[in-house]
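One structure is given here, and the rest of the page talks about it.
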Amino acid sequence: MAIRFFSGLYLLQDVVYFRSFGDDYPWTGPLVGVIFGGLFLFLLINGLIKNRKNASAPRRFSYFGIRKIANAYGLDKSQRKLLESIFRSDAVTDPLAVIQSTPLLDKHFKRAYRRIENSTEDDAEIQRQLSLLFSTRNAIEVTQNTTGTATSTRQIPANMAAVLSVAKETYHVRVISAKGDAVLVESPKNSLGSPIKIPSGSRVSLSSFTKSNKGYSFDSKILGITETPKGPAIRLAHAARVKPLVQRKFRRRQTSAHCNFSMVIVKETKVRRKIVRKMSLDGRSYSGTIMDISIGGCSIRTSANIQSGARIKIEFTSMAALGQVLRVNRGGMYATIHVKFIKMPRSTQNSINAMIFEYNEE
């Protein structure tokens, strides 16, 4: 108790001394203010510098963020681990921003595709890893595709591949422009490359799927023919309403690839209590042009007389697949057959996916 009493006296003495010192020397007050003000300013600037460094420093890779995204997109454990590996290898710190941007996502997946292709693993392991890569990419795309692409015909992108339907005929065309007073689409051509004449006033419909697999369709009529820097074009009237199409399960790519196909004969024999099916080719080969393709199927333009329900073996660019004809659209000398893939080697499946997503291109 005595110690505290004397300490209080010493403190009181110091305060009295300081006050008397201040009275004798009036410049000490401003000096103390300058010292404390400078100290405050130093601490403030130092704090701002530290905050700026922290803001500019790269964010750490977040496994929790990847897991949250994987759950939202319905990815299984192996697909989630692959996504973690891709983003970690590319030092992605904002996975949500990447996965919501198709160009960014494809940039990282294309890099992963190249890494797998150039690995020293055996071919079977490479094909397994590529299959997992594309199954993950397709799963993400299926979740992303929930709405149509255009709400107005003036929003249709230029150079968009589309299908023009006139009566029972269908033609693969491209949209030249939709910004003016009409939608301009390239004039369809016959097998000789000459433009097909369609009378003005004809009722038509135009449908297409974008690269991100979002589709639209609208009804219109032909206003006439006009010349453009890209050749003759059909002028279509703008429509008041654009209808979203039922979305495809897999991304589809427009192409023009030569193919050969043969009819597959299925013979059923009973062995004891089991039915054994054997498939064989009938020996005849037909030619055609693949107009569009996805991992689920393709459409082929051909002069061959093929019926719905037929099974065919398709060979193109060193790939082969077994398919079944779902429907046939006939018109003149040619028909367009729509084929669903039934069976194909894993390497063919990976090659088709690489072509559709354009990962095999420079």
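The values are calculated or read from the model by the stated rules, or taken from the named source; none is laboratory data. All values derive from a computational prediction rather than experimental measurement. For neighbour counting, all protein chains shown are included, and Cβ atoms are generated from backbone atoms with ideal geometry for every residue, glycine included.
The condition (being outside the structural domain of ASP123 (by TED's automatic domain parsing), modelled with pLDDT under 90 and at positive phi) is satisfied by just one residue among GLY309, GLY283: GLY283.
When we screen ARG311, ARG252, ARG277 for residues that are in contact with a Leu (Cβ under 9 Å, 6 or more places away or on another chain) and of a type in the set (D, E, K, R), the only hit is ARG311. In the set PHE109, PHE134, only one residue is touching a Lys or Arg at 6+ places or on another chain (Cβ under 8 Å), buried (at least 18 other Cβ atoms within 10 Å of the Cβ) and either of a type in the set (Val, Ile, Thr) or not assigned by TED's automatic domain parsing to the domain that holds GLY296 (or both); that residue is PHE109.
Pairing residues of segment 285-300 that are without any contact (Cβ under 8 Å) to a residue 40 or more places away in the chain and of a type in the set (Ser, Thr, Tyr) with residues that are assigned to a strand (DSSP E or B) and buried (at least 22 other Cβ atoms within 10 Å of the Cβ), at Cβ distances under 6 Å and at least 6 apart in sequence or on separate chains, gives TYR286/PHE261. Residues that are of a type outside the set (Ser, Thr, Tyr) and surrounded by fewer than 17 Cβ atoms within 10 Å (Cβ to Cβ): does segment 350-358 have at least one? Looking for residues that are of a type outside the set (Ser, Thr, Tyr) and surrounded by fewer than 17 Cβ atoms within 10 Å (Cβ to Cβ), one finds at least one in segment 350-358, hence yes. Got a sec? Which of ILE99, ILE116, ILE66 is surrounded by 14 or more Cβ atoms within 10 Å (Cβ to Cβ) and modelled with pLDDT of 95 or more? Checking each option against the conditions leaves just ILE116.
Of the residues MET319, MET263, MET291, the single one that is in contact with an Asp or Glu (Cβ under 6 Å, 6 or more places away or on another chain) and surrounded by 15 or more Cβ atoms within 10 Å (Cβ to Cβ) is MET263. Sub-9 Å Cβ pairs linking a first residue in segment 66-85 that is closer than 15 Å to ALA97 by Cβ to a second residue that is outside any loop (DSSP other than H, G, I, E, B) and among the small types (Gly, Ala, Ser), at least 6 apart or interchain, are TYR73/ALA139; LEU83/ALA70, ordered by first then second residue. ILE140 - would you say it is among the β-branched types (Val, Ile, Thr), buried (at least 18 other Cβ atoms within 10 Å of the Cβ), touching a residue at least 12 places away in the same chain (Cβ under 8 Å) and within 30 Å of ARG67 (Cβ to Cβ)? Yes.
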